[in-house]
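Visitor: Take a look at the following structure, please.
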Amino acid sequence: MSMSMSMNMSTNQNPSPGIDLEYTWSPQDLTKDSVGFLPIPDDDYVKKYQENPELWPVEFFLIAYRRARNKVTGKNETQILVRKSANGTSQYGVGTGVPATRWMIFSSSQEEKTIAPSGYKICKPNVTFEAQHFPEFSKSGPDSSGSHSRSWTYEKIEIREDAFNNPKFSELIDAGLENHAKKIRDELKMKLIEQMKERENLDPFAFSTTSVVKSIVDSTNSVAAIQGTLRMSGLFAPRDEDKSTTTSDTFACPRYVSLEESIADPSKLVQSMRIYTMFPQMPDPLPIPSTSAEELQEEIRSRESRMARSGRDPHQDKFGRKFTHKSTSNVSNTIHGVYFTLDATNLEGLDDVPALDVFGTKKIEREWVSLENLKVLDSDGQSISTEDTKPTFISGFIVRQLVKENVIDLFG
């Protein structure tokens, strides 16, 4: 797992006419100082995560692609199954991310005790982290109320082992999909054991990343996170909407993609697995917990213009670490992402996949969008694009890396 870093781009916000900036990315050691930039302080959050690896949020994703003919242009292209971005940070996202662990605001008040969202629970023993370790935290400036910012605390939560197997939410139960997730987890455990044996071939950050993911996968609740990403993709949803998914019938029920299909084979999915650390462009300053939803949306809408006025680099932080995507104020968006990739080429009936929220029953529209339109590839459909993909596709730099490593096969 290479952790070399490359991003060839100017930090000049107003480049000379005729000069095209190039935006490229490869996995990076987020604790390593960069020449020409400020040194990363010892209290930086990534360094704190590395000192105590259980602090790292870990999230699972399934990325589905296909080689197909565009019905409008007639052009052969490679397409990714995506959804419109729900938070306004980008046009599209893969829409399958399911956190195994993440942060939420901690409340010490007895009246407003921290309550984990549906499907999650507070980690025991408690794991907490102070906002002041994030570089976007305002250590001296006034907050929106006119007071000087005080640090606040985040508390770690994890997915429940019975997140999809709770009789109170019978519509989420899918015994067939759960069994498939267990098989994937078993294969993944073996792969991570093998990767850990290759320590001499990994730099320290890469080895630490693998170790963190292995500790998550070793926990039995990782099955729920894997099942969740399979569910969110919509590819394994039952075709018959009237069929109950609350019994063992789901082992045999017809699905958009059968669990018996070769491309769904657990060993193939695990063979495709890659681990990348996503490092987001966060709001600066980091909004305080009492910030309203309207103010948070306005921050996202106005961030680009504010960065231009302030001279903030939209592509890397002051320590030279390159952003993979634009983020909300959710600090859990710095993650070790575990990516499975599925080639759906030549499978019929997938133009309208009925994806769902991870713990919801509301259908979300998904669509197949070409890698050219996602700014992953140039217009020739073969060359890696050097455009900034962040405004278009949250996972654009990640998918580019999958193409570079031939995990996404453009030619078949």
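Visitor: Quick one: length gained pulling residue 387 to residue 367 fully straight, 0.36 nm per residue minus the C-alpha distance?
Guide: Full extension from residue 387 to residue 367 adds 5.0 nm.
Visitor: What is the mean projected area of the alpha carbon convex hull for region 290-401, to one decimal in square nanometres?
Guide: Quarter of the Cα hull surface area: 10.4 nm².
Visitor: Using a 1.4 Å probe over the heavy atoms of the protein chains, calculate the carbon and sulfur portion of the accessible area of the chain as a whole percent.
Guide: 47
Visitor: Loop-only check: which GluC sites (Glu not before Pro) in region 258-337 are DSSP coil with at most 16 other Cβ within 10 angstrom?
Guide: Qualifying residues, ordered by number: 260, 261.
Visitor: Which of the residue pairs 124/156; 84/318; 32/326; 183/404; 121/189; 322/390 have a Cα-Cα distance greater than 20 Å in the structure shown?
Guide: Listed pairs above 20 Å: 84/318; 32/326; 183/404; 121/189.
Visitor: Report the residue, chosen from 182, 71, 48, that carries the largest GNM mean-square fluctuation when the chain is represented by alpha-carbon nodes joined by springs under 10 Å.
Guide: Comparing 182, 71, 48 in the GNM, the peak value goes to 71.
Visitor: Compute the Kirkwood hydrodynamic radius of region 275-323, taking the inverse of the mean of 1/r over all pairs of distinct Cα atoms, and give it in Å to one decimal.
Guide: About 12.1 Å for region 275-323.
Visitor: Separate question: To the nearest µm²/s, what D does Stokes-Einstein give for region 226-370 at 25 °C and 0.890 mPa s, using the Kirkwood radius over alpha carbon pairs as Rh?
Guide: Roughly 132 µm²/s, to the nearest whole number.
Visitor: On to the next question. Subtracting the Cα-Cα distance from 0.36 nm times the residue separation, let me have the gained length for residue 312 to residue 43 in nm, one decimal.
Guide: So the chain would gain 94.7 nm between residue 312 and residue 43.
Visitor: Using the alpha-carbon centroid of each, what span in Å lies between region 183-226 and region 302-343?
Guide: Region 183-226 and region 302-343 have Cα centres separated by 25 Å.
Visitor: May I pose another question? Which residue fluctuates most in the GNM of the chain (Cα springs below 10 Å): 42, 218, 317?
Guide: 42
Visitor: So, one more: What does the convex hull of the Cα atoms of the chain come to per residue, in Å³, rounded to a whole number?
Guide: 159
Visitor: Please list 309, 160 in order of solvent-accessible area, largest first, computed with a 1.4 Å probe with all protein chains present.
Guide: Result of the area sort, largest leading: 309, 160.
Visitor: Can you tell me the accessible area per residue over the chain, all protein chains present, probe 1.4 angstrom, in square angstrom?
Guide: Per-residue accessible area for the chain comes out at 47 Å².
Visitor: Hey, another quick one. Return the FRET efficiency for the residue pair residue 26, residue 152: r is the Cβ-Cβ distance, R0 is 30 Å, and the value is rounded to the nearest 0.05.
Guide: Between residue 26 and residue 152 the formula returns 0.30.
Visitor: Sticking with this structure for a sec: Report the full-extension gain for the segment residue 348 to residue 378: residue separation times 0.36 nm, less the Cα-Cα distance, to one decimal in nm.
Guide: Computed gain between residue 348 and residue 378 is 8.1 nm.
Visitor: Once label points are set 7 Å from the Cα along Cα→Cβ at both residue 126 and residue 193, what is their separation, rounded to one decimal in nm?
Guide: Taking the simple label geometry, residue 126 and residue 193 are separated by 3.7 nm.
Visitor: Let a ≥ b ≥ c be the square roots of the eigenvalues of the Cα gyration tensor of region 252-335; is it rounded (a/c under 1.5), or, if not, prolate (a/b larger than b/c) or oblate?
Guide: Because a/c hits 1.5 or more and a/b exceeds b/c, region 252-335 counts as prolate.
Visitor: Okay, next question. Would region 21-141 count as rounded, prolate or oblate if I go by the C-alpha gyration tensor, calling it rounded below 1.5 in a/c and otherwise prolate when a/b exceeds b/c, oblate otherwise?
Guide: Taking the square roots of the gyration eigenvalues as a ≥ b ≥ c, region 21-141 is oblate.
Visitor: Please work out whether region 305-363 counts as rounded, prolate or oblate from its C-alpha gyration tensor, where a ≥ b ≥ c are the square roots of the eigenvalues and a/c under 1.5 means rounded, while otherwise a/b larger than b/c means prolate and anything else oblate?
Guide: In terms of gyration-tensor shape, prolate.
Visitor: Using label points projected 7 Å from each Cα along Cα→Cβ, tell me how many nm separate residue 160 and residue 87, to one decimal.
Guide: Going from the residue 160 label point to the residue 87 one covers 2.3 nm.
The values are calculated or read from the model by the stated rules, or taken from the named source; none is laboratory data. Predicted model only: the values in this text are computed from it and were never measured. Glycine also receives a Cβ, built like all others from the backbone with ideal geometry; neighbour counts cover every protein chain displayed. Only protein heavy atoms, including side chains, enter the accessible area calculation; ligands, DNA and RNA are left aside. Shrake-Rupley method; radii C 1.70, N 1.55, O 1.52, S 1.80 Å.
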